[in-house]
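Below is one structure, written out as structure tokens; the observations come after it.
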Amino acid sequence: MARTRCYRAGVLSDENFELADVSEHLDEPDAIVWIDLCAPQLEELHVVAGELGLHELAVEDAVQGQQRPKLDRYQDHSFLSTYAISFDPVSAELAVSEIAAFLTPHALVTVRKDETFDIEAVVQRWDSHSDLVRYGVAFLVHGLLDFVVDGHFAAVQSLDEEIEQLADSLFLASGDQEEVQRRSFALRKSLVLLRRVVLPMREVINTLLRRDVQLFDDAMGPYFQDVYDHVLRATEWTESLRDLVTSVLETNLTIQGNRLNVITKKVTSWAAIIAVPTAITGFYGQNVPYPGFGKTSGLYTSTAVIIACSALLYVLFKRKGWL
């Protein structure tokens with residue numbers, strides 16, 4: 001079921017009316033209309049398109065989905081595509097929800113693919129800044145984009161915290177290296193997806209701010225500029241996190257290589273120590289007479305030599321840090 005609202009002269013005047021009544025509300029002076037469609041059928045979109053005169057290519061993009069974040073301009077309206085995201089720290093995965101919007105001088109139409117996009121939070125944001133309703137559709141678009149960009153910023157911040165914790169766990173002696181590597185690749189995968197969503201938003205907001213486009217009144221410029229600043233911060237933060245997670249992966253591999261070298265040195269040192277008694281016992285095991293052959297003194301002598309040589313090698317390897 002479509003959700004509708006009508007604002008007249010800066011005040012909410014009607015809501016939850018039929019789609020067929022949209023044109024009647026738009027005929028009223030100083031009226032702006034919001035229409036929300038969740039997983040709509042093609043027939044519903046055609047009704048809205050007929051009421052508002054939407055371009056068929058824009059309607060096709062809204063139906064097909066999987067669009068990159070963008071703002072397409074047509075003769076008398078624009079088409080916006082963006083994504084709301086949320087980060088799950090447990091699974092290190094991003095939940096992505098696509099939303100399309102048609103922007104006309106007196107109407108905003110939002111098209112959601114499913115219920116995962118929290119449209120109620122957007123409505124609450126509109127209601128909490130009702131003094132801006134006088135700016136028309138620009139007020140609605142700002143509330144929508146402000147909510148989406150805030151979600152991007154929160155996801156970037158959560159990813160930063162997770163990557164920092166992962167970096168701290170690299171040098172823990174009891175750390176599970178396999179888990180660290182798995183977590184690193186999971187965070188890197190989420191970061192790549194986040195980058196695809198966040199970076200194009202800079203172009204979207206920048207287009208809305210351009211004076212030659214004249215999409216909205218200049219009075220909303222500072223509000224969209226604030227959203228643009230958040231987009232820039234999220235973009236720069238995302239780029240720095242990409243370098244950081246790459247550094248974590250490389251550092252993890254370096255640490256594993258260093259630990260392998262240490263283990264190799266220890267094993268080699270112990271092998272060298274064990275080789276001494278092996279050589280001495282092998283020498284005394286020859287079937288020829290030697291000093292102390294057949295005497296108790298020969299046993300004591302060989303034992304003393306083994307202990308002395310092994311102790312000497314142990315001390316030398318210990319000083320060199322091989323043991």
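Considering each of F147, F139 in turn, give the residue that is more than 19 Å from R196 (Cα to Cα) and of a type outside the set (S, T, N, Q).
Numbers: F147 fails: more than 19 Å from R196 (Cα to Cα).
Only one candidate passes the filter, namely F139.
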Failed criterion for T296 (all others in (1) out of contact with any helix residue (DSSP H, G or I) (no Cβ under 7 Å at 6 or more places or on another chain); (2) of a type in the set (S, T, N, Q); (3) modelled with pLDDT under 75 hold): (3)
Residue satisfying condition, being surrounded by fewer than 21 Cβ atoms within 10 Å (Cβ to Cβ), among the hydroxyl-bearing types (S, T, Y) and under 26 Å from V122 (Cβ atoms), within set T246, T207, T251: T207
The range 105-116, residues that are touching a residue at least 60 places away in the same chain (Cβ under 8 Å) and either among the acidic types (D, E) or outside any strand (DSSP E or B) (or both): H106, K113, D114, E115
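Determine, yes or no, whether K320 is charged (D, E, K, R) and modelled with pLDDT under 75. Reasoning before the result, please.
Details: charged (D, E, K, R): yes; modelled with pLDDT under 75: yes.
The answer is yes for K320.
Which members of the range 41-85 meet the condition of being within 18 Å of L199 (Cβ to Cβ) and of a type in the set (S, T, Y)?
Initially, the range 41-85 is screened for residues within 18 Å of L199 (Cβ to Cβ), giving 66-72, 80-85.
Within the range 41-85, S81, T82, Y83 qualify.
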Which listed residue, of L159, L166, L172, is assigned to a helix (DSSP H, G or I), over 26 Å from P222 (Cα atoms), among the hydrophobic types (A, V, I, L, M, F, W, C) and modelled with pLDDT under 85: L166
Selection count where residues are under 30 Å from L166 (Cα atoms), surrounded by fewer than 18 Cβ atoms within 10 Å (Cβ to Cβ), of a type in the set (D, E) and in contact (Cβ under 8 Å) with a residue 12 or more places away in the chain, scope the range 52-104: 1
Selection from the range 233-275 of residues that are without any contact (Cβ under 8 Å) to a residue 24 or more places away in the chain, among the hydroxyl-bearing types (S, T, Y) and within 30 Å of C309 (Cβ to Cβ): T264
Qualifying positions in the range 37-65 - touching a Leu at 6+ places or on another chain (Cβ under 9 Å) and not in a helix (DSSP H, G or I): L37, L54
Residue match in the range 279-290 (condition: modelled with pLDDT of 80 or more, surrounded by 11 or more Cβ atoms within 10 Å (Cβ to Cβ) and of a type outside the set (D, E)): no
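The values are calculated or read from the model by the stated rules, or taken from the named source; none is laboratory data. Note that the coordinates shown come from a computational prediction; the quantities given were computed from them, not determined experimentally. Glycine also receives a Cβ, built like all others from the backbone with ideal geometry; neighbour counts cover every protein chain displayed.
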